[in-house]
Amino acid sequence: MKSGTITKVAGPLVIAEGMRDANMFDVVRVSNQRLIGEIIEMHGDKASIQVYEETSGLGPGETVDSTGAPLSVELGPGLIGSIYDGIQRPLNEIMKVAGTNLKRGVDVPSLNHEKKWHFSPAVKAGDKVETGDVLGTVQETNAVLHKIMVPDRVSGTVEKITEGDFTIDEVVAVIKTSDGSADVKMFTTWPVRVGRPYKRKLSPDILLTTGQRAIDTLFPLAKGGVAAVPGPFGSGKTVVQHQLAKWAAADIIVYIGCGERGNEMTDVLNEFPELKDPRTGNSLMERTVLIANTSDMPVAAREASIYTGITIAEYFRDMGYTVALMADSTSRWAEALREMSGRLEEMPGEEGYPAYLGSRLAQFYERAGRVIVNGSKDTEGALSVIGAVSPPGGDISEPVSQATLRIVKVFWGLDANLAYKRHFPAINWLTSYSLYTDQLKDWFAENAAPDFIDLRGRLMALLQDEAELQEIVNLVGMDALSAPDRLKLETSRSIREDYLHQNAFDPTDTYTSLKKQVLMMRIILTYYDRALDALKKGANIEMLVNLPIRERIGRFKYEQEDKINEEYDSIAAQLDIEIKDVLERSED
């Protein structure tokens, strides 16, 4: 073990000399308290170390020992359902060792090395295998079949493979390679700053369905895509991420609470185990990994939590799963970068953030993607990343928001005014966008409706027109509008209140299938078209605006999925009757 001596302590930054044999990004143990740190800069034999635990009480002269290995995570059975801190220490196990008052320097293995798992082989002795091939499986939870894969840079012939109950330290298979025999255990380690390899990246042209109408219809996210959810405090970033965690078409959820307030993370820890997974009917935790790094935990560990989370997510992607990673929030991570940059006395960029903020964010987001994973079969896996951004006061002109927007393809801009009006999700339809829409055009035509993009376009056009008309109304009042413009305003109100507004707590409205979304769009636009046609024939605008059928159109979102076709036909038929009635009365 390579040892050095502390010469300076500045908050989470420790400078040690005598570290000539250590390498960049090596994990070190600081002082006799064995605090965990990571070398982030080397100058000769002087190492700058960011310490992932509280450094108060440390002083010059104390020792620093390098482990000679980079910051890595343990990957294997036992990840699902676990709650880790930023450097993959299981919080439940720490509590058993240290009690409720967390002590510094606690060293607990990330995975349970004593529990036995039942390993079922997927290959037999004599089979040829390569990196990424599945050797066998472990039924980790009811929802997740954990695949034990051939480790990186190992390929050859299976010499021996055994079915049975094993701990993750026991050898389950032996592979004969050109360099001799390689033992395969049920777990592996991986450095968090290095993206896991794959064969090739695929085009993001498949929708990641979420069941949230404002997202799926107006601002869709592709599988393997990246999205940002910026918004001020109280605008619903966390609730949007909870909804996505529950309803997105993902097999595995990795949720990172990065520098969030303790009470918000407590809500996640309390709610996720109680949330019912719509796929299995069991707890959502059966396909979730939680990483909790609250704002009162050491600042430097925020950076580690982001990398720890995405490495775990890549591991499940390599099994061929669709993984959704929620990072809440990358602004707190950027604040940690700013603090460390200041301590290192680097030249500051805009608002004190380091000049390399954009490239660090890009390195994180570019690890998302829909890929063909390593292995002899062409298996597809996808990792989608949804990052919350918390700009101070909701001002997205600040550096973190701007750097994020240059990287991500989907922007769900949350609006405090909408949130205060109890409009959920509070995604502002005038400022948000998705750059995946064109790539998803064919997918929508095939899987939703041939005219899906046209319907979406008409909805967006009406909402844009409404914003312009609303300015006129605010200046001179509703009476100044023509009848067709009043109809536009009424239809736009229907789009906002009946379509975009969604009740996350209503068992029916919390999730809307694409088929139902298409019917809902159609019925609103059918009302608009019929009413506009009736206006041209001399119908009274007041009568058209107050048609009784509008109540049923508004309540269509609460209709059960198995009855939507029947209800749609019934509403359309009644709409025809009522429009006809208005025309007859107008003629009289």
- request: Using DSSP, restrict attention to beta bridges with both residues in the chain and report what percent are antiparallel, rounded to the nearest 5.
  value: 70 percent
message: Expected output is a single nm value to one decimal: the length gained when fully extending between Leu532 and Asn546, i.e. 0.36 nm times separation in residues minus the C-alpha distance. What is it?
response: 3.6 nm
message: Suppose all protein chains stay in the model; what accessible area per residue would a 1.4 Å probe give for the chain, in Å²?
response: 42 Å²
field: Per residue, the convex hull volume that the Cα atoms of region 482-569 enclose (Å³)
entry: 86 Å³
- request: Could you please put Glu74, Glu163, Glu345, Glu38 in sequence from largest to smallest accessible area, using a 1.4 Å probe?
  value: Glu345, Glu163, Glu74, Glu38
field: region 104-149: GluC sites (Glu not before Pro) in DSSP loop, at most 16 other beta carbons within 10 Å
entry: Glu114, Glu130
- prompt: When all protein chains stay in place, what accessible area (Å², nearest 10, 1.4 Å probe) is found for His118?
  reply: 90 Å²
Distance (nanometres) between label positions extended 7 Å along Cα→Cβ at Glu346 and Lys515: 5.2 nm
Charge dipole (region 70-185, unit charges on Cβ, about Cα centre) - positive-most of Leu91, Gln139, Leu111: Leu91
- prompt: How much accessible surface area, in Å² rounded to 10, belongs to the heavy atoms of Met24 with a 1.4 Å probe?
  reply: 90 Å²
message: Starting from 0.36 nm per residue, how many nanometres of slack lie between Asn92 and Arg279 once their C-alpha separation is accounted for?
response: 64.7 nm
field: Cα-centred dipole magnitude for the chain, charges only on beta-carbon of K, R (+1) and D, E (-1), debye, nearest 20
entry: 900 debye
message: Using Cα-Cα distances under 8 Å and only pairs 6 or more residues apart, what relative contact order does region 225-341 have, in percent?
response: 36 percent
task: For Val73, list long-range residues whose amide hydrogen, built 1.01 Å from N in the peptide plane, is under 5 Å from its own amide hydrogen.
output: Trp190, Val192
- prompt: At a Förster radius of 45 Å, what calculated FRET efficiency corresponds to the Cβ-Cβ distance of Asp165 and Met24, to the nearest 0.05?
  reply: 0.65
statement: Descending accessible area (1.4 Å probe), largest on the left, turns Lys246, Lys8 into Lys8, Lys246
- prompt: Once the piece of chain linking Asn263 and Asp183 is laid out straight, how much longer is it, given 0.36 nm per residue of separation minus the C-alpha distance between them?
  reply: 24.4 nm
- prompt: What's the long-distance tail for region 16-163, i.e. % of Cα pairs beyond 27 Å?
  reply: 43 percent
field: Listed residue (Ala301, Ala313, Ser331) projecting farthest to the positive dipole end of region 282-357, Cβ model
entry: Ala313
- prompt: Hey, got a sec? Which trypsin sites (Lys or Arg not before Pro) in region 102-142 land in a DSSP loop and have at most 13 other Cβ atoms within 10 Å?
  reply: Lys103, Lys115, Lys116, Lys124
task: Distance from a point 7 Å along Cα→Cβ of Tyr356 to each backbone N in region 28-67: keep the residues under 11 Å and list them by number.
output: 40-42
statement: Any aspartates and glutamates whose Cα falls less than 12 Å from that of Lys124, other than same-chain ones fewer than 8 residues away, would be Glu159, Glu163
task: Sort Phe25, Phe233, Phe219 from largest to smallest accessible area, using a 1.4 Å probe on the heavy atoms of the protein chains.
output: Phe233, Phe25, Phe219
- prompt: Counting only protein heavy atoms and using a 1.4 Å probe, what share of the accessible area of the chain belongs to carbon plus sulfur, as a whole percent?
  reply: 48 percent
message: For the pairs Lys185/Lys276; Lys96/Lys147; Lys96/Lys199; Lys421/Lys536, flag any whose C-alpha to C-alpha distance is greater than 31 Å.
response: Lys185/Lys276; Lys96/Lys199; Lys421/Lys536
- prompt: Do any chymotrypsin sites (Phe, Trp or Tyr not before Pro) in region 418-511 lie in a DSSP loop with no more than 10 other beta carbon atoms within 10 Å, and if so, which?
  reply: Phe505
- prompt: At 222 nm, what helix-only mean residue ellipticity would the chain give, in deg cm²/dmol to the nearest 500, using -39500 (n - 2.57) for each DSSP H run of four or more?
  reply: -10000 deg cm²/dmol
- request: Compute the distance in nm between two label points, each set 7 Å from the Cα along the Cα-to-Cβ direction, one at Thr508 and one at Arg34.
  value: 5.9 nm
- request: May I ask which residue of Gln363, Val400, Ala382 lies farthest towards the positive end of the charge dipole of region 342-402, with charges of +1 (Lys, Arg) and -1 (Asp, Glu) on Cβ and the Cα centre as origin?
  value: Ala382
query: Under the definition of Cα pairs under 8 Å and six or more residues apart, what whole-number percent is the relative contact order of the chain?
result: 13 percent
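The values are calculated or read from the model by the stated rules, or taken from the named source; none is laboratory data. Only a predicted model underlies this, so the values are computations on that prediction, with no experimental measurement involved. Ideal geometry is used to build each Cβ from the backbone, glycine not excepted, and the neighbour counts take in all protein chains shown. Ligands, DNA and RNA are stripped out before the accessible areas are found, and what is left, the full protein with its side chains, is counted by its heavy atoms. Shrake-Rupley method; radii C 1.70, N 1.55, O 1.52, S 1.80 Å.
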